[in-house]
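**Q** Shown below is the structure under consideration.
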Amino acid sequence: MAGSHIAIPTILKIGKGTLNNLGKYIAGAGMKNAVVYFGNGLIDMFGQQVMDSLKEENVTVVEYRELDSTNIEDIIRLAFDIDAKAQVIVGIGGGKVIDVAKYAAYLRKLPFISIPTSASSDGFSSASASLMVNGRRTSVPARMAYGIIADTEIIKSAPERFLYSGIGDMVSKITSLYDWLFESELGYSEMNDFAVMIAKKAVNSFVRTPFETIKDDLFLKELLDSLAMSGVANEIAGGSTPTSGSEHLISHALDKMLEQPQLHGIQVGIATYIMAVVQDHRYVRVNAIFEKTGFWNYVATLDLKREDFENAIDMAPQIKPHRHTYLHEEKYRELAKKVLYEDEVLKRVFD
(Lines give C-alpha, C1' and ligand atoms only; values in the text may rest on other atoms or scores of the structure.)
Protein backbone atom coordinates (compact mmCIF):
# COMPACT_ATOMS: atom_id res chain seq x y z
CA MET A 1 0.00 0.00 0.00
CA ALA A 2 2.82 2.39 -0.77
CA GLY A 3 1.75 6.00 -1.05
CA SER A 4 -1.84 5.30 -0.03
CA HIS A 5 -3.85 8.41 0.66
CA ILE A 6 -4.98 8.82 4.24
CA ALA A 7 -7.94 11.09 4.91
CA ILE A 8 -7.59 13.16 8.05
CA PRO A 9 -9.81 16.03 9.12
CA THR A 10 -8.75 19.37 7.63
CA ILE A 11 -10.63 21.32 10.30
CA LEU A 12 -10.23 20.19 13.91
CA LYS A 13 -11.61 22.58 16.50
CA ILE A 14 -12.18 21.25 20.01
CA GLY A 15 -12.82 23.71 22.82
CA LYS A 16 -15.14 26.28 24.36
CA GLY A 17 -17.56 28.10 22.08
CA THR A 18 -16.36 26.58 18.80
CA LEU A 19 -19.93 26.25 17.47
CA ASN A 20 -20.20 30.04 17.20
CA ASN A 21 -17.42 29.98 14.60
CA LEU A 22 -18.98 27.36 12.32
CA GLY A 23 -19.59 29.97 9.60
CA LYS A 24 -15.97 31.13 9.73
CA TYR A 25 -14.64 27.59 9.40
CA ILE A 26 -16.89 26.75 6.45
CA ALA A 27 -16.32 30.04 4.62
CA GLY A 28 -12.60 29.76 5.35
CA ALA A 29 -12.57 26.44 3.52
CA GLY A 30 -14.09 28.17 0.47
CA MET A 31 -17.54 26.61 0.79
CA LYS A 32 -20.65 28.70 0.30
CA ASN A 33 -23.64 26.32 0.26
CA ALA A 34 -24.33 24.04 3.19
CA VAL A 35 -26.79 21.31 4.09
CA VAL A 36 -27.35 21.13 7.86
CA TYR A 37 -28.78 18.07 9.62
CA PHE A 38 -29.72 18.20 13.30
CA GLY A 39 -30.45 15.40 15.71
CA ASN A 40 -33.92 15.14 17.17
CA GLY A 41 -34.96 18.23 19.17
CA LEU A 42 -31.72 20.06 18.49
CA ILE A 43 -32.98 22.83 16.20
CA ASP A 44 -34.64 24.35 19.27
CA MET A 45 -31.38 24.19 21.17
CA PHE A 46 -28.77 25.19 18.59
CA GLY A 47 -30.62 26.18 15.42
CA GLN A 48 -30.44 29.93 15.94
CA GLN A 49 -26.78 29.86 16.91
CA VAL A 50 -25.88 27.83 13.81
CA MET A 51 -27.95 29.94 11.43
CA ASP A 52 -26.54 33.22 12.79
CA SER A 53 -23.00 31.93 12.52
CA LEU A 54 -23.51 30.86 8.88
CA LYS A 55 -25.37 34.04 7.93
CA GLU A 56 -22.59 36.25 9.28
CA GLU A 57 -20.17 34.63 6.85
CA ASN A 58 -22.62 34.60 3.92
CA VAL A 59 -22.88 30.84 3.88
CA THR A 60 -26.21 29.84 2.29
CA VAL A 61 -28.15 27.03 3.92
CA VAL A 62 -29.67 25.04 1.05
CA GLU A 63 -31.35 22.54 3.34
CA TYR A 64 -31.97 22.38 7.04
CA ARG A 65 -33.78 19.65 8.95
CA GLU A 66 -33.96 17.34 11.92
CA LEU A 67 -33.37 13.66 11.28
CA ASP A 68 -34.43 10.67 13.25
CA SER A 69 -34.21 7.64 10.98
CA THR A 70 -31.01 5.65 10.49
CA ASN A 71 -32.73 3.40 7.98
CA ILE A 72 -30.43 2.99 4.99
CA GLU A 73 -33.24 3.33 2.39
CA ASP A 74 -34.34 6.62 3.94
CA ILE A 75 -30.80 7.95 3.87
CA ILE A 76 -30.20 6.96 0.25
CA ARG A 77 -33.37 8.83 -0.69
CA LEU A 78 -32.33 11.81 1.43
CA ALA A 79 -28.84 11.88 -0.08
CA PHE A 80 -30.02 11.92 -3.67
CA ASP A 81 -32.55 14.65 -2.92
CA ILE A 82 -29.78 17.02 -1.86
CA ASP A 83 -29.61 20.11 -4.05
CA ALA A 84 -26.78 20.00 -6.61
CA LYS A 85 -25.53 23.37 -5.30
CA ALA A 86 -24.61 21.88 -1.93
CA GLN A 87 -20.88 21.94 -1.17
CA VAL A 88 -20.79 20.56 2.35
CA ILE A 89 -22.96 18.49 4.71
CA VAL A 90 -22.97 19.39 8.39
CA GLY A 91 -24.24 16.92 11.01
CA ILE A 92 -25.00 18.21 14.51
CA GLY A 93 -26.05 15.87 17.27
CA GLY A 94 -25.47 12.46 18.76
CA GLY A 95 -24.23 9.37 16.97
CA LYS A 96 -27.37 8.86 14.90
CA VAL A 97 -27.43 12.11 12.93
CA ILE A 98 -23.65 12.07 12.49
CA ASP A 99 -23.87 8.57 10.99
CA VAL A 100 -26.62 9.73 8.63
CA ALA A 101 -24.74 12.88 7.57
CA LYS A 102 -21.47 11.06 6.96
CA TYR A 103 -23.18 8.34 4.92
CA ALA A 104 -25.12 10.90 2.85
CA ALA A 105 -21.81 12.74 2.29
CA TYR A 106 -20.17 9.49 1.24
CA LEU A 107 -22.94 8.77 -1.30
CA ARG A 108 -22.79 12.29 -2.73
CA LYS A 109 -18.99 12.62 -2.52
CA LEU A 110 -19.30 15.79 -0.47
CA PRO A 111 -17.17 16.90 2.46
CA PHE A 112 -18.79 16.35 5.82
CA ILE A 113 -18.48 18.33 9.04
CA SER A 114 -19.04 16.45 12.26
CA ILE A 115 -20.38 18.40 15.25
CA PRO A 116 -20.95 15.99 18.14
CA THR A 117 -23.20 17.21 20.97
CA SER A 118 -22.02 14.44 23.27
CA ALA A 119 -18.73 12.60 23.74
CA SER A 120 -20.34 9.16 23.82
CA SER A 121 -18.01 7.34 21.38
CA ASP A 122 -15.36 7.83 18.70
CA GLY A 123 -18.08 7.66 16.01
CA PHE A 124 -17.83 11.38 15.29
CA SER A 125 -14.32 10.82 13.94
CA SER A 126 -14.60 7.42 12.26
CA ALA A 127 -15.09 6.63 8.60
CA SER A 128 -17.86 4.10 9.12
CA ALA A 129 -21.52 4.56 10.01
CA SER A 130 -23.87 2.42 12.03
CA LEU A 131 -27.15 2.21 10.12
CA MET A 132 -30.24 0.02 10.04
CA VAL A 133 -30.03 -2.41 7.12
CA ASN A 134 -32.94 -4.87 6.88
CA GLY A 135 -33.89 -4.09 10.47
CA ARG A 136 -30.41 -4.80 11.85
CA ARG A 137 -27.79 -2.37 13.09
CA THR A 138 -24.98 -2.68 10.53
CA SER A 139 -21.65 -0.96 10.05
CA VAL A 140 -21.27 0.54 6.55
CA PRO A 141 -18.42 2.52 4.98
CA ALA A 142 -18.84 6.27 5.14
CA ARG A 143 -16.81 9.42 4.82
CA MET A 144 -14.03 10.55 7.12
CA ALA A 145 -14.99 13.98 8.48
CA TYR A 146 -13.53 16.93 6.59
CA GLY A 147 -14.03 18.86 9.80
CA ILE A 148 -14.63 18.03 13.46
CA ILE A 149 -16.01 20.85 15.56
CA ALA A 150 -16.63 19.93 19.18
CA ASP A 151 -17.81 22.58 21.58
CA THR A 152 -16.94 21.57 25.15
CA GLU A 153 -19.70 23.83 26.52
CA ILE A 154 -22.29 21.77 24.59
CA ILE A 155 -20.68 18.42 25.45
CA LYS A 156 -20.75 19.45 29.12
CA SER A 157 -24.50 20.06 29.02
CA ALA A 158 -25.31 16.57 27.68
CA PRO A 159 -26.51 13.99 30.24
CA GLU A 160 -23.61 12.41 32.17
CA ARG A 161 -24.30 8.92 30.86
CA PHE A 162 -22.95 10.07 27.47
CA LEU A 163 -19.67 11.06 29.08
CA TYR A 164 -19.44 7.69 30.83
CA SER A 165 -20.05 6.08 27.45
CA GLY A 166 -17.22 8.10 25.89
CA ILE A 167 -14.91 7.16 28.76
CA GLY A 168 -15.76 3.46 28.24
CA ASP A 169 -15.16 3.70 24.50
CA MET A 170 -11.84 5.51 24.98
CA VAL A 171 -10.44 3.17 27.61
CA SER A 172 -11.27 0.19 25.36
CA LYS A 173 -8.24 1.00 23.20
CA ILE A 174 -6.16 -0.62 25.96
CA THR A 175 -7.67 -4.05 25.29
CA SER A 176 -8.25 -3.65 21.54
CA LEU A 177 -4.57 -2.90 20.90
CA TYR A 178 -3.62 -5.94 22.96
CA ASP A 179 -6.00 -8.08 20.88
CA TRP A 180 -4.39 -6.77 17.70
CA LEU A 181 -0.95 -7.68 19.03
CA PHE A 182 -2.23 -11.17 19.95
CA GLU A 183 -3.73 -11.60 16.49
CA SER A 184 -0.60 -10.45 14.67
CA GLU A 185 1.67 -12.67 16.75
CA LEU A 186 -0.47 -15.63 15.69
CA GLY A 187 -0.19 -14.56 12.05
CA TYR A 188 -3.85 -13.57 11.55
CA SER A 189 -3.21 -9.89 11.03
CA GLU A 190 -0.47 -7.41 10.38
CA MET A 191 -0.05 -4.54 12.79
CA ASN A 192 0.40 -1.05 11.46
CA ASP A 193 2.96 0.50 13.81
CA PHE A 194 1.89 4.05 13.12
CA ALA A 195 -1.78 3.32 13.79
CA VAL A 196 -0.75 1.55 17.02
CA MET A 197 1.33 4.53 18.10
CA ILE A 198 -1.53 6.98 17.55
CA ALA A 199 -4.14 4.82 19.29
CA LYS A 200 -1.73 4.21 22.18
CA LYS A 201 -0.86 7.90 22.54
CA ALA A 202 -4.56 8.75 22.50
CA VAL A 203 -5.52 6.38 25.30
CA ASN A 204 -2.44 7.06 27.43
CA SER A 205 -2.79 10.80 27.20
CA PHE A 206 -6.42 10.44 28.24
CA VAL A 207 -5.93 8.10 31.20
CA ARG A 208 -3.17 10.35 32.59
CA THR A 209 -5.24 13.54 32.52
CA PRO A 210 -5.71 14.94 36.02
CA PHE A 211 -9.25 16.03 36.85
CA GLU A 212 -11.54 17.04 39.69
CA THR A 213 -14.75 16.15 37.87
CA ILE A 214 -15.49 14.67 34.45
CA LYS A 215 -16.92 18.05 33.43
CA ASP A 216 -13.56 19.84 33.79
CA ASP A 217 -12.70 21.61 30.54
CA LEU A 218 -9.29 19.94 30.31
CA PHE A 219 -10.74 16.47 30.89
CA LEU A 220 -13.44 16.99 28.23
CA LYS A 221 -10.94 18.35 25.73
CA GLU A 222 -8.61 15.38 26.34
CA LEU A 223 -11.50 12.93 25.96
CA LEU A 224 -12.58 14.52 22.66
CA ASP A 225 -9.00 14.86 21.34
CA SER A 226 -8.35 11.20 22.14
CA LEU A 227 -11.61 10.00 20.55
CA ALA A 228 -10.73 12.04 17.43
CA MET A 229 -7.26 10.44 17.34
CA SER A 230 -8.86 6.99 17.50
CA GLY A 231 -10.76 7.71 14.31
CA VAL A 232 -7.50 8.70 12.63
CA ALA A 233 -5.77 5.52 13.88
CA ASN A 234 -8.51 3.48 12.19
CA GLU A 235 -8.13 5.45 8.97
CA ILE A 236 -4.37 4.73 8.94
CA ALA A 237 -4.95 1.04 9.65
CA GLY A 238 -7.63 0.82 6.95
CA GLY A 239 -10.10 -0.67 9.43
CA SER A 240 -11.22 -0.61 13.04
CA THR A 241 -8.63 -3.09 14.37
CA PRO A 242 -6.65 -0.56 16.48
CA THR A 243 -9.71 0.58 18.40
CA SER A 244 -12.08 -2.35 18.36
CA GLY A 245 -11.22 -5.78 19.75
CA SER A 246 -12.87 -8.47 21.86
CA GLU A 247 -14.51 -5.84 24.09
CA HIS A 248 -16.36 -4.43 21.07
CA LEU A 249 -17.45 -7.91 19.97
CA ILE A 250 -19.17 -8.36 23.35
CA SER A 251 -20.97 -5.04 22.89
CA HIS A 252 -22.03 -5.86 19.31
CA ALA A 253 -23.35 -9.22 20.54
CA LEU A 254 -25.37 -7.46 23.27
CA ASP A 255 -26.80 -5.10 20.60
CA LYS A 256 -28.01 -8.12 18.64
CA MET A 257 -29.44 -9.94 21.66
CA LEU A 258 -31.04 -7.28 23.79
CA GLU A 259 -34.33 -5.54 23.22
CA GLN A 260 -32.89 -2.39 24.87
CA PRO A 261 -29.09 -2.36 24.78
CA GLN A 262 -27.17 0.18 26.87
CA LEU A 263 -25.14 2.97 25.26
CA HIS A 264 -22.31 1.57 23.13
CA GLY A 265 -19.49 2.88 25.31
CA ILE A 266 -21.12 1.66 28.52
CA GLN A 267 -21.24 -1.92 27.23
CA VAL A 268 -17.76 -1.59 25.74
CA GLY A 269 -16.36 -0.21 29.01
CA ILE A 270 -17.63 -3.10 31.11
CA ALA A 271 -16.35 -5.57 28.50
CA THR A 272 -12.98 -3.75 28.49
CA TYR A 273 -12.53 -4.43 32.18
CA ILE A 274 -13.47 -8.11 31.72
CA MET A 275 -11.03 -8.48 28.81
CA ALA A 276 -8.22 -6.56 30.56
CA VAL A 277 -8.41 -9.15 33.36
CA VAL A 278 -8.49 -12.00 30.81
CA GLN A 279 -5.48 -10.53 28.99
CA ASP A 280 -3.82 -9.85 32.35
CA HIS A 281 -3.01 -6.42 30.95
CA ARG A 282 -3.54 -3.03 32.67
CA TYR A 283 -6.79 -4.01 34.37
CA VAL A 284 -5.71 -2.13 37.52
CA ARG A 285 -5.47 1.05 35.42
CA VAL A 286 -8.84 0.40 33.76
CA ASN A 287 -10.48 -0.14 37.13
CA ALA A 288 -8.85 2.99 38.60
CA ILE A 289 -10.24 5.19 35.79
CA PHE A 290 -13.72 3.68 36.08
CA GLU A 291 -13.59 4.11 39.85
CA LYS A 292 -12.39 7.72 39.77
CA THR A 293 -14.67 8.98 36.99
CA GLY A 294 -17.78 7.44 38.56
CA PHE A 295 -18.23 5.04 35.61
CA TRP A 296 -18.70 2.05 37.94
CA ASN A 297 -21.14 3.95 40.17
CA TYR A 298 -23.26 4.73 37.13
CA VAL A 299 -23.08 1.17 35.77
CA ALA A 300 -24.15 -0.24 39.15
CA THR A 301 -27.51 1.57 38.76
CA LEU A 302 -28.35 -0.10 35.43
CA ASP A 303 -29.60 -3.47 36.67
CA LEU A 304 -27.45 -5.40 34.20
CA LYS A 305 -27.67 -9.17 33.92
CA ARG A 306 -24.64 -11.41 34.02
CA GLU A 307 -26.35 -13.97 31.75
CA ASP A 308 -26.56 -11.38 28.97
CA PHE A 309 -22.82 -10.79 29.13
CA GLU A 310 -22.19 -14.53 29.35
CA ASN A 311 -24.21 -15.13 26.17
CA ALA A 312 -22.47 -12.19 24.49
CA ILE A 313 -19.04 -13.69 25.30
CA ASP A 314 -20.12 -16.94 23.63
CA MET A 315 -21.50 -15.11 20.60
CA ALA A 316 -18.49 -12.78 20.23
CA PRO A 317 -16.40 -14.80 17.72
CA GLN A 318 -19.34 -15.05 15.30
CA ILE A 319 -19.62 -11.26 15.15
CA LYS A 320 -16.31 -11.04 13.28
CA PRO A 321 -15.35 -14.59 12.26
CA HIS A 322 -12.34 -13.39 10.22
CA ARG A 323 -10.71 -11.83 13.31
CA HIS A 324 -8.74 -13.71 15.93
CA THR A 325 -9.08 -11.87 19.25
CA TYR A 326 -8.68 -13.51 22.67
CA LEU A 327 -12.39 -14.40 22.57
CA HIS A 328 -11.91 -16.40 19.37
CA GLU A 329 -10.24 -19.05 21.57
CA GLU A 330 -12.41 -21.18 23.81
CA LYS A 331 -10.08 -21.13 26.80
CA TYR A 332 -10.25 -17.36 26.95
CA ARG A 333 -14.04 -17.33 26.57
CA GLU A 334 -14.21 -19.68 29.55
CA LEU A 335 -11.85 -17.43 31.49
CA ALA A 336 -13.94 -14.34 30.58
CA LYS A 337 -17.05 -16.05 31.97
CA LYS A 338 -15.18 -17.00 35.13
CA VAL A 339 -14.11 -13.35 35.54
CA LEU A 340 -17.71 -12.26 34.96
CA TYR A 341 -18.93 -14.37 37.88
CA GLU A 342 -15.97 -14.26 40.27
CA ASP A 343 -14.21 -10.90 39.93
CA GLU A 344 -14.64 -8.71 43.02
CA VAL A 345 -15.00 -5.45 41.07
CA LEU A 346 -17.75 -6.89 38.88
CA LYS A 347 -19.67 -8.22 41.89
CA ARG A 348 -20.44 -4.62 42.72
CA VAL A 349 -21.61 -3.89 39.20
CA PHE A 350 -23.87 -6.88 38.67
CA ASP A 351 -25.27 -7.70 42.10
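The values are calculated or read from the model by the stated rules, or taken from the named source; none is laboratory data. It should be emphasised that the depicted structure is a prediction, and the values quoted were computed from it without experimental measurement. No Cβ is skipped: glycine too gets one built from the backbone with ideal geometry, and neighbour counts run over all protein chains shown. We work out accessible area using only protein heavy atoms, side chains counted, and drop any ligands, DNA or RNA first. Shrake-Rupley method; radii C 1.70, N 1.55, O 1.52, S 1.80 Å.
**Q** Would you work out the relative contact order for the chain, in percent, from Cα pairs under 8 angstrom that are 6 or more residues apart?
**A** The value is 15 percent.
**Q** Suppose each label sits 7 Å from its Cα in the direction of the beta carbon; what would the LYS32-ASP44 distance come out to in nanometres?
**A** It works out to 3.6 nm between the two label points.
**Q** How long is the gain from THR60 to LYS85 if the chain were fully straight, where each residue apart is worth 0.36 nm and the alpha carbon distance is subtracted?
**A** Length gained between THR60 and LYS85: 8.0 nm.
**Q** Right, another one. Please compute the contact order of region 1-88 in relative form: average sequence separation of alpha-carbon pairs under 8 Å and at least six residues apart, divided by the residue count, as a percent.
**A** 35
**Q** Here's a follow-up. Between region 294-322 and region 178-204, what is the C-alpha centre distance in whole Å?
**A** Each part's Cα centre sits 23 Å from the other's.
**Q** Give the carbon-plus-sulfur fraction of the accessible surface of the chain in %, rounded to a whole number; probe 1.4 Å, heavy atoms of protein chains only.
**A** It is 50 percent, rounded to a whole number.
**Q** Separate question: Need the full-extension length gain, GLN318 to TYR341, defined as separation in residues times 0.36 nm minus the C-alpha distance. One decimal, nm.
**A** 6.0 nm
**Q** Could you give the length gained by full extension between THR301 and LYS16, i.e. 0.36 nm per residue of separation minus their alpha carbon distance, to one decimal place?
**A** 99.5 nm
**Q** To check you understand DSSP bridge types, tell me what percent of the beta bridges within the chain (both residues inside) are antiparallel, rounded to 5.
**A** Given both bridge residues lie in the chain, the antiparallel proportion sits at roughly 20 percent.
**Q** Among all the aspartates and glutamates, which ones have a C-alpha under 15 Å from LYS55's C-alpha, if same-chain residues fewer than 8 places away are not counted?
**A** List returned: GLU63.
**Q** Sticking with this one: Counting each DSSP H run of 4 or more residues in the chain as -39500 (n - 2.57), what helix-only mean residue ellipticity at 222 nm follows after dividing by all residues, to the nearest 500 deg cm²/dmol?
**A** Taken over the chain, the calculation gives -16000 deg cm²/dmol.
**Q** Mean projection of the alpha-carbon convex hull of the chain over all orientations, in nm²?
**A** Projected area, direction-averaged: 16.9 nm².
**Q** Now for a different question. What pairs from LYS13/LYS256; LYS173/LYS347; LYS102/LYS337; LYS173/LYS337; LYS109/LYS201; LYS201/LYS331 go past 27 Å between their alpha carbons?
**A** As for pairs spanning more than 27 Å Cα to Cα, those are LYS13/LYS256; LYS102/LYS337; LYS109/LYS201; LYS201/LYS331.
**Q** If you count only protein heavy atoms and use a 1.4 Å probe, how large is the accessible surface of LEU181, to the nearest 10 Å²?
**A** The accessible area comes out at roughly 60 Å².
**Q** Here's another thing I want to ask about it. Roughly what would the spin-label model give for ASP217 and HIS5, points 7 Å off Cα along C-beta, in nm?
**A** 3.8
**Q** Taking the simple approach of a point 7 Å from Cα along Cα-to-Cβ for both SER69 and LYS292, what is their distance in nm?
**A** Inter-label distance under the simple model: 4.6 nm.
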